[in-house]
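Okay, so here's the structure we're looking at.
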Amino acid sequence: MDERIREILFIYALENAVRHGNVPNAKAVMGKVLGARPDLRPHAKEIPAILTEVLAEVGAIPHEEWKGRLEGLAPDLIVADTGKKERKKDLPTLEETDGGVVMRFAPNPSGPLHLGHARAAFLNDAYVRRYGGRYVLRIEDTDPRRVDPEAYRMVPEDIEWMGLSITEIVYQSDRMDIYYEHCRQLIEQGGCYVCTCDAEYFRDLKLAKKPCPCRSQTVEENLALWDRMLSGGFAEGQVTVRVKTDLEHPDPAIRDFSIFRIVDAPAHPRISGTRVYPLMNFSVVVDDHLLGITHVIRGKDHIANTRRQRYIYDYFGWKPPVYRHYGRMGIEGVVLSTSSMREGIIEGTYTGWDDIHLGTLRAIARRGILPEAVRNAMLEIGIGETDISFSWENLFAQNKALIDESSDRFFFVPDPVTVTVADAPAAVAEIPRYPGNAERGVRTLAFSGTVVLPQGETTGADLVRLKDLFNIRIGAGDRASYAGDDLAAVRAVKAPIIQWMPEGYGIPCTVRTPEGDVSGLCEPDVANFEGRTVQFERFGFVRIDSAGPDGVFCYFTHR
Ligand code: GLU
C-alpha cells in the first residue's frame, strides 16, 4: 500500500508543481489528495512522512521535465496550457477547502448549453481541479414547462465537449420523494405552511407585511392540506407551500416565498403520477445539503435565492455551502434565450441549435472554437462581482493561439472573376502549408496564363501582387498584364497582395459567416480537412464542415 500511496502523492505533487511552476507545499497537496482520493483518508497519518520524501523527489526533477513526467503518469490532470496570462489572473482562493471540495453544475434541461452556462461550468470545474474533490452534474428538471426532452441528450454532449471533470450525474426528477419527505419534515417543524390564498390577495398582504390566514394553521392542518395536495385534491394555481420568513424582509419577493406548486400540464418526460413540483429554492437546498456540496459559485442573479435558501438551511439546522456570486455577463451578437432560439428553429430562421447566430456551445464548436479557448476566456473573466460584457476578441485570441499552428494555409478566392494575364512567364508558386515551417510541406499552384481573382479586390485596382507569384497590372474587362516580380515595388505603393488560383483549378467553397454566406473557390486539398480548421490566407480561419462532390462548406471561425 505504501508504494501505491507514494505513487498517488507523487502524481498530485507533480500536478501542483506544474500548475504553480514551483515545488508545492505539503498542505496544499495533502488537501487535494484527501479530497480527490477518499480511499486514502484512512491512511491520513502515514501520508505526511511519505509526502516529505515525495516533495524532495519532485524538487530534484528539473522544472522543465515536470509536465512531461505528469503527462506520462496522469494526462487527465493536465489542464490545457493556459500560459502566463492566466497565471497572472489566477482565480481567487476559496475558504474552507481543506480536505477538498464538492461542487456542482446545475443546468435546467431546457435546451443545449450556451456561453452563459459555460462560465458557471468552467469556474466550478477549475476549483474542483484546484482543490480536488467531486463535481456533480445536477440536471434541474422539476419544472415541466422548462424541460426539453432533447436536452437530456444535448446537455451531457455539451459537458463532454467542455471536458468538465464531472464525477457524478444526478437528476432531480429521480428525487421527488426526497423533496416530498423533506417538505413534510419542514411542515412538522413549523417552518412552512400550505397556502390556499388567492394569488392577488396574498400579494397585497405581502406588500403590506401582513400574514395571510393560512400562516396560522396548525401543523396537523398543514399536513392534511399537504396530503390533499399530493393526492390530487387541488388544481393548478389553487395551492402552494410557503416558507415562513421575516414578513418585514426589505425584499418583498423573499417574504414567505413558495417552495411547491401544482403544474397540470405539460406532462413531464421523466415523472409520472404526480403534479406537485418543488420550486428551485427547495430542491436546490435539499440537494446541495444531501449531496454534500461545499461551495457554490453562481451568478449574482441568484443572490435573492441565496437569501431565501438560508431560511431553509436554518430550519433544518444545516450548514449552508460557501457561496460566491459573480457579476452579470452581457454577450452581444448572438441569441442566448432558449425560447427565442427554439422559435427561430421552428420558423426556419435558424438552421438548428448549432446555427452560427446562436450562442450555444454547439454553434461555437461548429465554428471551430475549441473548448480550451472557452475555458481560458471564462477563467480570465473569473468570479468578480462587477458586471462585464463578454469579449469575443479575447475568445478569438485564445482560440487563435490554440489553432494557429495546427491550421494549414490555403487560398480562397471569394466571388471569383477570371482574368487573363498577358506577357507573363509560365511560373509555379510553391507556398508553404505553414509559414516559416518547410517541414510541413508546400502547396504547388501552376500559373499558365489565366487565373481567378477575388472580384472585390480587383475592381478599381491598378497594380496588385498575386501572392507568392508575381505582380500584375489590372486592365480593362478580363485582361491584366505582367508587371514584374518585385515585391518591393508593390510594397512601395501599398498595392494589395491578393489570393489567386489557376483557372479551372479551385473547387467551389462556401463560407458561412454571421453576416451571410461567402462563396468562391478554394484549393482542392481543402476537401481533405473535414472537421478541422484551416486558414484561408488573408481571409481568416474556417472550420471545414463538409466536403462533397459539390465542393466544400465551411464555417468562419475568426480572423
Ligand atoms: N438550475 C439553476 C439555473 O440554471 C441553478 C441553480 C443554482 O445554481 O443554484 O439557474
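Cα axis of helix 392-403 to longest principal axis of the chain: angle in degrees, 0 to 90, nearest 10?
Roughly 60 degrees between the two axes.
According to a simple spin-label model (label point 7 Å from Cα along Cα-to-Cβ), what is the distance in nm between residue 343 and residue 251?
About 2.8 nm separates the two model spin labels.
Got the relative contact order for the range 1-54 handy, in percent, Cα pairs under 8 Å and 6 or more residues apart?
RCO, the range 1-54: 43 percent.
Where does the range 324-385 land on Rg/Rh, using Cα atoms and the Kirkwood Rh?
Here Rg/Rh amounts to 1.04.
Which whole-number percent is the relative contact order of the chain (Cα, under 8 Å, 6+ apart)?
10
So if we plug the beta-carbon distance of residue 559 and residue 184 into 1/(1 + (r/R0)^6) with R0 = 56 Å, what FRET efficiency do we get, rounded to 0.05?
0.40
Between the range 192-211 and the range 296-339, what is the separation of their alpha carbon centroids in Å?
Rounded to whole Å, the Cα centres lie 25 Å apart.
Return the percentage of antiparallel bridges among DSSP beta bridges fully within the range 394-511, rounded to the nearest 5 %.
That works out to approximately 80 percent antiparallel.
Greater than 29 Å separation of Cα atoms is the criterion. Which listed pairs, 32/244; 400/494; 27/319; 209/300; 67/400, meet it?
32/244
If you take the charge dipole of the range 389-466 about its Cα centre, with +1 on Lys and Arg Cβ and -1 on Asp and Glu Cβ, which of 419, 445, 391 is farthest toward its positive end?
Positive-most Cα among the choices belongs to 445.
Using DSSP to call loops (not H, G, I, E or B), can you name the GluC sites (Glu not before Pro) in the range 348-387 whose Cβ has at most 14 other Cβ atoms within 10 angstrom?
Filter output for the range 348-387: 385.
With unit charges on the beta carbons (Lys and Arg positive, Asp and Glu negative) and the dipole taken about the Cα centre of the range 235-339, which residue among 235, 339, 315 sits farthest to the positive side?
315
Per residue, what volume in Å³ does the Cα convex hull of the chain take up?
In the chain, the Cα hull volume divided by residue count equals 205 Å³.
When the dipole is taken about the Cα centre of the chain, and only Lys, Arg (+1) and Asp, Glu (-1) are charged at their Cβ, what size is it in debye, to the nearest 20?
1340
Lys/Arg Cβ at +1, Asp/Glu Cβ at -1, dipole of the chain taken about the Cα centre: which of 369, 149, 285 is farthest positive-ward?
285
Modelling each spin label as a point 7 Å along the Cα-to-Cβ direction, I'd like the residue 219/residue 427 distance in nm, to one decimal.
9.3
To check my understanding: the extent here is largest minus smallest coordinate of the Cα atoms along each principal axis. What are those three numbers for the range 256-412, in Å, largest first?
Projected onto the principal axes, the Cα atoms of the range 256-412 cover 66, 38, 25 Å.
Hand me the GluC sites (Glu not before Pro) from the range 199-250 located in a DSSP loop with no more than 15 other Cβ atoms within 10 Å, in residue order please.
Those that pass, being in a loop and sparsely packed, are 236, 248.
Given R₀ = 41 Å, FRET efficiency for residue 25-residue 157 by Cβ-Cβ distance, to 0.05?
0.55
I'd like the orientation of helix 176-188 relative to the chain: the angle between its Cα long axis and the longest Cα principal axis, in ° from 0 to 90, rounded to 10.
The two axes meet at around 40 degrees.
Stokes-Einstein D for the range 121-223 at 10 °C, 1.306 mPa s, Kirkwood Rh over Cα pairs, in µm²/s?
This corresponds to a translational diffusion coefficient of 91 µm²/s.
Tell me, in nm to one decimal, what length is gained between residue 65 and residue 310 on full extension, where the rule is 0.36 nm per residue of separation less the Cα-Cα distance?
Residue separation times 0.36 nm, minus the Cα-Cα distance, leaves 83.4 nm.
Could you size up the charge dipole of the range 106-172 around its Cα centre, putting +1 on the beta carbon of Lys and Arg and -1 on that of Asp and Glu, and report it in debye to the nearest 20?
Computed about the Cα centre, the dipole is about 320 debye.
With n ≥ 4 as the cut-off for DSSP H runs, can you work out [θ] at 222 nm for the chain, using -39500 (n - 2.57) per run divided by the number of residues, rounded to the nearest 500?
About -10500 deg cm²/dmol.
With the cut-off at 1.5 for a/c, could you classify the range 390-447 from its C-alpha gyration tensor as rounded, prolate or oblate?
Oblate.
Hey, how many Å between the Cα centroid of the range 382-408 and the Cα centroid of the range 272-286?
Value for the Cα centre distance between the two parts: 38 Å.
R0 = 22 Å: FRET efficiency of residue 93 with residue 41, Cβ-based, nearest 0.05?
Taking R0 as 22 Å, the efficiency between residue 93 and residue 41 is 0.45.
How far is helix 371-381 tilted off the main Cα axis of the chain, in degrees rounded to 10, range 0 to 90?
For helix 371-381, the angle is close to 60 degrees.
Can you tell me the length gained on complete extension of the stretch residue 418 to residue 444, counting 0.36 nm per residue apart and subtracting the Cα distance?
The span from residue 418 to residue 444 would gain 7.4 nm if fully extended.
So what are the three principal axis dimensions of the range 173-317 from its Cα atoms, in whole Å, longest to shortest?
That gives 38, 37, 28 Å along the principal axes, largest extent first.
Could you bin all the Cα-Cα distances of the range 171-211 into 10 Å bins starting at 0 and give me the percent of pairs in each, rounded to whole numbers?
Percent of pairs per bin, in order: 25, 32, 33, 11.
Let me spell out the model: positive unit charges on the Cβ of Lys and Arg, negative unit charges on the Cβ of Asp and Glu, origin at the Cα centre of the range 406-519. What dipole size does that give, in debye rounded to 20?
That gives the range 406-519 a dipole magnitude of about 220 debye.
Given the Cα-Cα distance of residue 386 and residue 525 and 0.36 nm per residue of separation, how much length would full extension add, in nm?
Extra length from residue 386 to residue 525 when fully extended: 45.3 nm.
Every number here is computed from the coordinates shown, using simple stated rules; none is lab data. Bear in mind that the values here come from a model prediction, so they are computed numbers and not experimental data. Neighbour counts run over all protein chains shown; Cβ positions are idealised from the backbone, glycine included.
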